[in-house]
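Undergrad: Here's a structure for you.
What follows is calculated from the coordinates using simple rules that are stated; it is not laboratory data. Quantities reported herein were computed from a predicted structural model and do not represent experimental measurements. All Cβ positions, even for glycine, are placed from backbone atoms using ideal geometry, and neighbour counts span all protein chains on display.
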Amino acid sequence: MSDKEEREIGRIQELESTNLAREEIRDLVIETKKKVERDNDILAERINKEFVKNNIKSFDIVGSIGAGKTALLEKICEQISSKHRTLVICGDITTRVDADRIEKHNVETVQINTGRECALNAYHINQIIKNKDLFNYDVIFVENVGNLICPSEFILGTDKRITVVSITEGEWVIEKHPMLFKMSDIAIINKIDLLERLGTDIDKMISNAKNYNPKIEVITTSAKTGENINKLIEIMGL
């Protein structure tokens, strides 16, 4: 990056910080954010009612880039596609790499490219399902944009939220991102095939997740070897 580009980025960051700090617009910014969240929650509730009406099991899968969300979905879809009519909605800033990977396992996929938005919201999901006959599906997965921060701002109307982390992210990752674990039903600790090499304290990760959410179900998996994938499918009720 050139010095000129660095100065331009710095200038933009300074302007954004100044705008947010301006007392005369601070209340407006806060109120607008609250309204967006309220509208999202109303739409998410409407989406969930549609899923329930059509007897669809639905899951929002969140996690950082590289945690293994797509690889886990590949394994899951490989197992369930013969008995469950499945739709997978993939969220990414750009490309349809993940959707193409998952589609190879005999499930329908839809790619949402969010551009500069760092998470999916209920509006994105509604735009997809309003153009689908939900009678044609038994299961819907939403693979959220790779991120452990932004997805906590929006619920999507699914029955359950699943947060995926991997041991390669370090044993402090749950402590650093508690919000998603507080609002998730299942926590997956992935890439346990690397445990012997990395020596990550999995017990600490499990304990942290349980401390933040005593009701959360925690499972360790390896998308690479398939370890505990059948157990995960059982926990998901599929």
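Undergrad: Taking the highest mean first, how do the peptides 204-212, 225-233, 70-78 order by number of other beta carbon atoms within 10 angstrom per residue? Working shown, then result.
TA: Numbers: 204-212: 17.9, 225-233: 15.6, 70-78: 22.2.
Taking the mean over residues of other Cβ atoms within 10 Å, the ranking is 70-78, 204-212, 225-233.
Undergrad: In whole Å, what three semi-axes, largest first, describe the equivalent ellipsoid of the stretch 45-120 built from its Cα gyration tensor (square root of 5 times each eigenvalue)?
TA: 20, 18, 11
Undergrad: Then there is this: So for each of 189-200, 124-135, 79-90 I average, over its residues, the number of other beta carbons within 10 Å; can you give me the resulting order with the highest mean first?
TA: Details: 189-200: 17.0, 124-135: 14.8, 79-90: 18.6.
The densest-packed peptide leads the list: 79-90, 189-200, 124-135.
Undergrad: Roughly how many nanometres apart are two label points built 7 Å out from the Cα toward the Cβ at Ile233 and Lys34?
TA: 4.7 nm
Undergrad: May I ask you to order 178-186, 142-150 by the average number of other C-beta atoms within 10 Å around their residues, highest value first?
TA: 142-150, 178-186
Undergrad: Shape call for the chain from the C-alpha gyration tensor, a ≥ b ≥ c root eigenvalues: rounded (a/c under 1.5), prolate (a/b greater than b/c) or oblate?
TA: In terms of gyration-tensor shape, oblate.
Undergrad: Continuing with the same structure: I want the antiparallel fraction of DSSP beta bridges within the chain, as a percent rounded to 5.
TA: Taking every DSSP beta bridge within the chain, about 5 percent pair in antiparallel fashion.
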